[in-house]
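The values are calculated or read from the model by the stated rules, or taken from the named source; none is laboratory data. Worth saying up front: this structure is predicted, and the values here are computed from it rather than measured. Cβ placement follows ideal geometry from the backbone for every residue including glycine, while neighbour counts extend to all protein chains displayed.
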Amino acid sequence: MNPTLHAVLVFLETWWVELVSGVVIVAVVPLVAGYIVLVERKLMADMQARLGPMRVGPHGLLQPIADAVKLLIKEDIIPDNADKMVFWMAPVVSMTAALTSMGAIAFGPAFQVARDINVGLLFVIGVSSLGIFGIVLGGWASNSHYSIMGALRSTAQLVSYETAAGLALISGLLLAGTLKIRAIVDAQQHFGVWFVFLAPVAFFIYVVASIAETNRAPFDLPEAESELVAGYMTEYSGFRWALYFLGEYANMIVVGAVATTLFLGGWLRPFPNVRWMNWLDALPALFTAAVGAYCVYRAGKQPVRVQTWFMWGVALACFVVALILAVPLLVAPLKFLVPGLHGAFWFLLKISAYIYLFMWLRFTLPRYRFDQLMHLGWYILIPLAIVNVLAVGVAMILEMEYGWNRWLAMLLTTVITLATALFLLRLNDKRAAAASSAAPPPEEPSTEDSYAG
Amino acid sequence: MQDDAAQNQTLLGADELVLNMGPQHPSTHGVLRVKLKLDGERVRGTECVIGYLHRGVEKIAENRSYQQFAPYVDRMDYVAAVSNGLGYCEAVEKLLNVEAPPRAKVIRTIMTELQRIASHLVWLGTHALDIGALTPLFYCLREREEILKIFEKYCGARLTTHAFRIGGLQYEAYDSFEKDVERFCKDFERRIQEYVDLLTGNSIWIGRTRNVGVLSAEDCIALGASGPVLRASGVKWDLRKAQPYAAYDQYNFQIPVGTNGDTYDRYMVRMEEMRQSRLICLQAIENIPAGPILGKVGKVLKPPAGEIYHSIEAPKGILGYYIVSDGTTQPYRVRIRPPSFINLQALDKMARGHLVADVVAIIGTLDIVLGEVDR
Amino acid sequence: MLDKVIFFFFAGVAILSAGLMVTRRNAIHSAVFLITTLLATAGIFLQLRAEFIFIAQIILYVGGIMVLFVFVIMLVRLDVALHQIQFSRQKWVALLVTLALAAEVGVMLWSSRNVPGQGFLLPNAVPAGKLPPNTEALAGRLFDAYLLPFEIASVLLLVAMVGAVVMAKKRT
């Protein structure tokens, strides 16, 4: 056989799972990100006493497709003096960084592109932080003063909160003892509990920092519509803007995946080792079947016939998925499929919950001003994260050298970090009170017209 | 003059730049152009360029009869049309020396207080939206929808209502008027609590509004600011208590007053005003006197020559009408004292020293409507 | 064979980017090509199973230092500099020195080609798959045998950070 062809076949045979995973990520994630946008719009509408997109497709389900088509056929506008190469490249970098970082994430025990890379978690964090270039180069390439300022501000915010996020992740890493993604989840299984119960403060710090990482409300001043400087995305229209937008939502998925892997047990079910909780294994199938049943129930109440058929279709899909999830449990020869399928289900459920939290916060909270945002990051989150790392180190020493129970040691960590948090917040309140009691100095005599003359 | 020029020379230093918040901007609540003089991030001075919505309303008044001019008045502060109508009708009634019958006065009071709630709801929703809270807007509009339904049932229009006539009312209160208002008011307390839950204790909201746009009481009085802007700075001046008109002297209500004169206080004052308006409505519908709704006013209005100034407490501030009559059917001059226009003068004082991101909050807290500013 | 393809891909990208970087007039273009050079070098590290160096290169060099470079290029008015006359008198001296250096390196590599363990090719190199895991090995050495130099370097970086903040604060 031709040696090149042989080499290629050997390559495909060893690496086909990874290749398929990679293709799935690149092909599916943008589509999924588009549908996350739809979910956000529907959720926002629900929380705001309205319906959201309803026209395009039954219940607005084809809305992302319509949006994608619209953005693709839009006129491609490039500002006059913009640097064409960088202008083209910036959104691509943003999206590519997000997608590449997904390569190291294990979406289930069987689905990972960069199989067991030694520095798995660092890879995800490091490569996803390359998205910063997408922002800063995009702002610069627009050749507009306000875009550059918005881009620099956004970058400063990202860099500040990256530090806090990384420090918060160290707690989970110390508990797991390794950087490999799979090994972290295996450590949680081995210990029998998700790390969020051992290190809740670290999880909380990571949640806040990751909201700022992805430029989501309440930290979305650099890209808010009602602010003066409309941010780095101003000059981007059509599909370039869509790439930025999809990159942002892909980043949300990445950040959710990291939190799930490290704190929420990855693909483990709740109480992974407790034998009498094994009935939880039935939950995925039951949950999906329950969703299907609800669709059947609502199908009868739809006003329009196409919506009724559509609900029946969704119910059918739910039942099929429930069947796929249930059959390996019941049919013995297929038991090897259980960890993969159920693992993927739990993982996706947890990421969805995390992203739901992001959206919920977006609709509820007002926006931080930029200086307040930076103050929160540098004065409160980073010191808290540093103290947390020290405290977790202390807990590890107590556990390893002095034989303390891990729960007790981590409880000590939580207490120390909470005390520091209260202290920092009290300090912050005092500083704010002092700043407000000292009124802003009077600038000029009040009768002067700054534009006279 | 020389000194001013020299001082301006040093003002335009190396780091200053003039930023234009153009007439088209999501947060200027209409076509308002604000030129910001910035030093880095800090605002050193502002200049408002208005007139984009000027329609020559006061000039038009000189060529219309008194009844013909009434619908024009609604279009000034289009968010609170009923108040505008109330002020105008009462001003002309003063000129004619007639009084509206008691039933008309009470129904006018109810409608005006409902309109105050509706105006404050729009303010709350848009102000929260500017600061980044996306949800209160929809809740506020949901409540306002109920009020607009009442208006529609009463006079056929939701926004530019032309609800009142010179001398009283044209339309009798429809059959379920009291029931509708009562149902709305009973429901509204719970809704206000929703807004309070979302915003009042929220540390991000407090951080964005406390000590932002502080206006001292002396400055308020010097600039002629009125309405919630004045009351939030500590001056207890409300025309409904100080110079009662319509049926306000019959009801028990409080005037909320703030302490600091910052954006948070203005927010609290307007929230409390909504509650007090609700109380006025509840008291009023208990006892609407029977009787005629239109006073003794002829079909052709020829007020005697003279002038009159009448002002009311509109949701945005003190709305005044100065009407000069020359004895004919058309007024000689109608001059409107628009509260938004005069409150907008305070923008410069309030915005100095703040960051650019605060300017949006400050414009929102002044609660201006460009229809009124430009007329 | 796959290894060769990947290596030559990364090496080619690195060399091409480096060449483009030094020949661009636009500073941002140079920065972008420097980023691609560093990423390609990181790829070579990954291929050598030095995963920690690979990710450290990405996080620190590309994600930290290059971001700083790009910030500085954006905040400094480079269009002014572009229009100024550059020092082009040293072009020939530079070329001469480069040729001399290249000749030296070439002679050195050629003369050591037969010395086992050194020179152009390493026929007896340890296959990368048999090396101990890079991160653990590095961590073991860094925090055990080389702890003092590590701490000194950390203190030095801290001093530099504090100094930069102090110098950058506006005199109020």
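Tabulated data
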{"quantity": "Where a residue in the range C:9-30 is aromatic (Phe, Trp, Tyr) and its partner, wherever it lies, is part of a helix (DSSP H, G or I), with Cβ under 6 Å and at least six apart", "calculated": "C:Phe10/C:Ala40; C:Phe10/C:Gly43; C:Phe10/C:Ile44"}
{"quantity": "The listed residue being touching a Lys or Arg at 6+ places or on another chain (Cβ under 8 Å), closer than 28 Å to B:Val212 by Cα, at the interface with another protein chain (Cβ under 10 Å from one of its Cβ atoms) and assigned to a helix (DSSP H, G or I), out of A:Arg362, A:Arg367", "calculated": "A:Arg362"}
{"quantity": "Residue match in the range A:190-209 (condition: within 18 Å of A:Gly134 (Cβ to Cβ), in a helix (DSSP H, G or I) and modelled with pLDDT of 90 or more)", "calculated": "no"}
{"quantity": "Residue among B:Leu282, B:Leu301 that is in contact with a helix residue (DSSP H, G or I) (Cβ under 6 Å, 6 or more places away or on another chain), away from chain A (no Cβ under 14 Å) and not in a loop (DSSP other than H, G, I, E, B)", "calculated": "B:Leu282"}
{"quantity": "Given (1) at negative phi; (2) more than 20 Å from the chain's Cα centre (by Cα), index of the condition B:Asn97 fails", "calculated": "(1)"}
{"quantity": "Checking A:Gly343 against (1) surrounded by 21 or more Cβ atoms within 10 Å (Cβ to Cβ); (2) of a type in the set (Gly, Ala, Ser); (3) at pLDDT 90 or above, the condition it does not meet", "calculated": "(3)"}
{"quantity": "The range A:370-420 - residue that is farther than 30 Å from A:Met149 by Cα and aromatic (Phe, Trp, Tyr) and, of those, nearest to the chain's Cα centre (by Cα)", "calculated": "A:Trp407"}
{"quantity": "Residue within the range B:197-209 that is within 14 Å of chain A (Cβ to nearest Cβ) and among the aromatic types (Phe, Trp, Tyr) present", "calculated": "yes"}
{"quantity": "All positions within the range B:40-61 that are surrounded by 14 or more Cβ atoms within 10 Å (Cβ to Cβ), among the charged types (D, E, K, R) and either without any contact (Cβ under 8 Å) to a residue 12 or more places away in the chain or more than 10 Å from chain A (Cβ to nearest Cβ) (or both)", "calculated": "B:Glu58"}
{"quantity": "Residue that is nearest to the other protein chains (Cβ to nearest Cβ), among those in the range B:164-176 that are in a loop (DSSP other than H, G, I, E, B) and under 17 Å from B:Cys281 (Cβ atoms)", "calculated": "B:Ser176"}
{"quantity": "Criterion violated by A:Gln372 - all others in (1) more than 30 Å from A:Pro272 (Cα to Cα); (2) touching a residue at least 12 places away in the same chain (Cβ under 8 Å); (3) surrounded by 15 or more Cβ atoms within 10 Å (Cβ to Cβ); (4) within 14 Å of chain B (Cβ to nearest Cβ) satisfied", "calculated": "(2)"}
{"quantity": "Checking B:Val79 against (1) within 20 Å of B:Gly371 (Cα to Cα); (2) assigned to a loop (DSSP other than H, G, I, E, B), the condition it does not meet", "calculated": "(2)"}
{"quantity": "Residue in the range A:394-401 that is surrounded by 18 or more Cβ atoms within 10 Å (Cβ to Cβ), over 18 Å from A:Ala168 (Cα atoms) and not polar (S, T, N, Q) present", "calculated": "yes"}
{"quantity": "Every residue from the range A:230-266 that is in a loop (DSSP other than H, G, I, E, B) and modelled with pLDDT of 85 or more", "calculated": "A:Phe263, A:Leu264, A:Gly265"}
{"quantity": "Candidates C:Arg49, C:Arg25, filtered to the one that is within 11 Å of chain A (Cβ to nearest Cβ), over 21 Å from A:Val93 (Cα atoms) and assigned to a loop (DSSP other than H, G, I, E, B)", "calculated": "C:Arg49"}
{"quantity": "Any pair with Cβ under 7 angstrom, 6 or more apart, that starts in the range B:149-165 at a residue that is under 18 Å from B:Arg103 (Cβ atoms) and ends at one that is polar (S, T, N, Q)", "calculated": "B:Cys155/B:Thr161"}
{"quantity": "Positions within the range A:309-331 being out of contact with any Pro (no Cβ under 9 Å at 6 or more places or on another chain) and farther than 26 Å from A:His342 by Cβ, in sequence order", "calculated": "A:Trp312"}
{"quantity": "The listed residue being polar (S, T, N, Q) and closer than 23 Å to A:Gly265 by Cα, out of A:Gln112, A:Gln157", "calculated": "A:Gln112"}
{"quantity": "Qualifying residue in the range C:83-92 (condition: modelled with pLDDT under 90, part of a helix (DSSP H, G or I) and either exposed (fewer than 10 other Cβ atoms within 10 Å of the Cβ) or not basic (Lys, Arg) (or both))", "calculated": "yes"}
{"quantity": "Criterion violated by B:Lys179 - all others in (1) facing chain A (nearest Cβ under 10 Å); (2) out of contact with any helix residue (DSSP H, G or I) (no Cβ under 6 Å at 6 or more places or on another chain); (3) without any contact (Cβ under 8 Å) to a residue 12 or more places away in the chain satisfied", "calculated": "(1)"}
{"quantity": "Test: residue in the range A:137-155 that is within 11 Å of chain C (Cβ to nearest Cβ) and at pLDDT 85 or above", "calculated": "yes"}
{"quantity": "Matching residues, the range B:317-375, being of a type in the set (A, V, I, L, M, F, W, C), in contact with a helix residue (DSSP H, G or I) (Cβ under 8 Å, 6 or more places away or on another chain) and within 14 Å of chain A (Cβ to nearest Cβ)", "calculated": "B:Ala346, B:Leu347, B:Met350, B:Ala351, B:Leu355, B:Ala357, B:Val359, B:Val360, B:Ala361, B:Ile362, B:Ile363"}
{"quantity": "Residue list for the range A:109-132, restricted to those being of a type in the set (A, V, I, L, M, F, W, C), facing chain C (nearest Cβ under 7 Å) and within 13 Å of C:Gly63 (Cα to Cα)", "calculated": "A:Leu122, A:Phe123, A:Val127, A:Leu130, A:Ile132"}
{"quantity": "2 or more residues at pLDDT 90 or above, basic (Lys, Arg) and assigned by TED's automatic domain parsing to the domain that holds B:Ala133: qualifying helices (runs of 4 or more DSSP H) within the range B:180-247", "calculated": "B:239-242"}
{"quantity": "The range B:114-137 - residue that is within 14 Å of another protein chain (Cβ to nearest Cβ) and among the polar types (S, T, N, Q) and, of those, surrounded by the most Cβ atoms within 10 Å (Cβ to Cβ)", "calculated": "B:Thr135"}
{"quantity": "Among the candidates B:Val324, B:Val300, B:Val373, residue that is at pLDDT below 90 and of a type in the set (Val, Ile, Thr)", "calculated": "B:Val300"}
